[in-house]
Amino acid sequence: MPRTLGVVLAQVPITFDVEENVASVRNALSHAAPGDVVLTPEGSVSGYPARGDEDAWMLDRIDAAAVDAAVDSLAAAARDAGAHLLVGACLPEPAGIANAAFLLGADGRRFAYRKANLADVERGRFVAGDELTPLSIAAPWGEMSVGVQICREVRFPEQWIALASAGAELFLHPANALEGTADREAWRSMLIARATELQRFVASVNAAGEGQHSPTLAVDPRGRVVCELPPTVEEVRRIEIDLDENGSAYLEQRRVDLTERRPARSAADGADAR
């Protein structure tokens with residue numbers, strides 16, 4: 001059976017108004033066909049301080065109950081549409097705020113990934129996740145593993161390698177980065193690199209807005225950009241990808257005998273230790 005999958009890229013504006021955000025997500029979901037995966041930006045339900053400390057004070061105004069209820073309603077909407085929906089939420093927890101991505105399955109299942117490598121604006125305010133495990137969706141050909149990495153985690157290829165090695169066939173990368181365009185080409189290059197070095201499709205969505213420094217795009221396993229949305233504008237676009245284009249040669253050729261080997265201690269090291 002062909003492993004063709006529809007992916008909906010939802011480059012929508014994200015605010016700290018939960019009702020506004022839910023309306024944007026529901027509009028994106030309306031573009032999906034049954035079985036599609038719909039990707040929305042980081043913090044797409046709760047809002048996110050995309051401009052750093054300038055917006056950070058808004059975190060104190062997040063209504064956890066309203067966010068929970070919104071995620072529940074979107075889970076039901078995804079199930080009704082027969083589509084898989086990835087949304088983001090900053091949720092207050094006992095130890096601090098968690099930056100979570102929720103994968104809401106067409107079959108009613110719900111999975112969560114908590115951002116493991118926190119941005120500067122998050123440190124001291126957020127609690128880092130401590131798991132790197134692929135999430136699951138039901139595809140027509142059977143269970144499918146998805147790797148989720150959030151925004152600046154594109155800078156840490158070892159996390160992506162771990163997810164691909166654990167079976168992730170598609171990477172979803174929600175972002176909310178509106179601090180200026182100076183690094184845009186660097187972020188674009190990193191997304192292309194993650195796709196080509198892992199031989200996996202990468203779909204990345206940033207919030208719509210001025211200063212967007214991570215592009216909204218999809219990259220195939222050869223590193224070719226198959227879709228890229230214009231920056232700043234609100235747009236929802238559906239594409240189809242063929243997961244049979246994935247490969248594993250580069251993962252299999254990794255020299256883990258070198259990268260996982262502990263450095264030998266020299267005689268001088270031993271003398272210093274004494």
> Inside the range 112-144, can you point out the residues that are more than 21 Å from residue 33 (Cα to Cα), at pLDDT 95 or above and part of a strand (DSSP E or B)?
Replying inline: 112, 113, 114
> Counting only residues that are touching a Pro at 6+ places or on another chain (Cβ under 6 Å) and part of a helix (DSSP H, G or I), which one in the range 159-194 is surrounded by the most Cβ atoms within 10 Å (Cβ to Cβ)?
Replying inline: 163
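When you go through 234, 210 one by one, which is the residue that is surrounded by fewer than 21 Cβ atoms within 10 Å (Cβ to Cβ), among the charged types (D, E, K, R) and within 13 Å of residue 178 (Cα to Cα)?
Among 234, 210, only 210 is surrounded by fewer than 21 Cβ atoms within 10 Å (Cβ to Cβ), among the charged types (D, E, K, R) and within 13 Å of residue 178 (Cα to Cα).
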> Taking the range 9-48 on its own, how many of its residues are among the hydrophobic types (A, V, I, L, M, F, W, C), surrounded by 15 or more Cβ atoms within 10 Å (Cβ to Cβ) and in contact (Cβ under 8 Å) with a residue 60 or more places away in the chain?
Replying inline: 9
> Is there a residue in the range 212-229 that is over 27 Å from residue 137 (Cα atoms), touching a residue at least 24 places away in the same chain (Cβ under 8 Å) and within 18 Å of the chain's Cα centre (by Cα)?
Replying inline: yes
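Rundown of residues vs (1) touching a residue at least 12 places away in the same chain (Cβ under 8 Å); (2) part of a helix (DSSP H, G or I); (3) crowded, with 19+ Cβ neighbours inside 10 Å; (4) of a type in the set (A, V, I, L, M, F, W, C), yes/no style:
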{"position": "50", "(1), (2), (3), (4)": "yes, no, yes, yes"}
{"position": "57", "(1), (2), (3), (4)": "no, yes, no, yes"}
{"position": "60", "(1), (2), (3), (4)": "no, yes, no, no"}
{"position": "66", "(1), (2), (3), (4)": "yes, yes, no, yes"}
{"position": "71", "(1), (2), (3), (4)": "yes, yes, yes, yes"}
{"position": "79", "(1), (2), (3), (4)": "yes, yes, no, no"}
{"position": "86", "(1), (2), (3), (4)": "yes, no, yes, yes"}
{"position": "92", "(1), (2), (3), (4)": "yes, no, no, no"}
> Name the residues in the range 17-48 that are in contact with an Asp or Glu (Cβ under 8 Å, 6 or more places away or on another chain) and in a loop (DSSP other than H, G, I, E, B), would you?
Replying inline: 47, 48
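The values are calculated or read from the model by the stated rules, or taken from the named source; none is laboratory data. It should be emphasised that the depicted structure is a prediction, and the values quoted were computed from it without experimental measurement. All Cβ positions, even for glycine, are placed from backbone atoms using ideal geometry, and neighbour counts span all protein chains on display.
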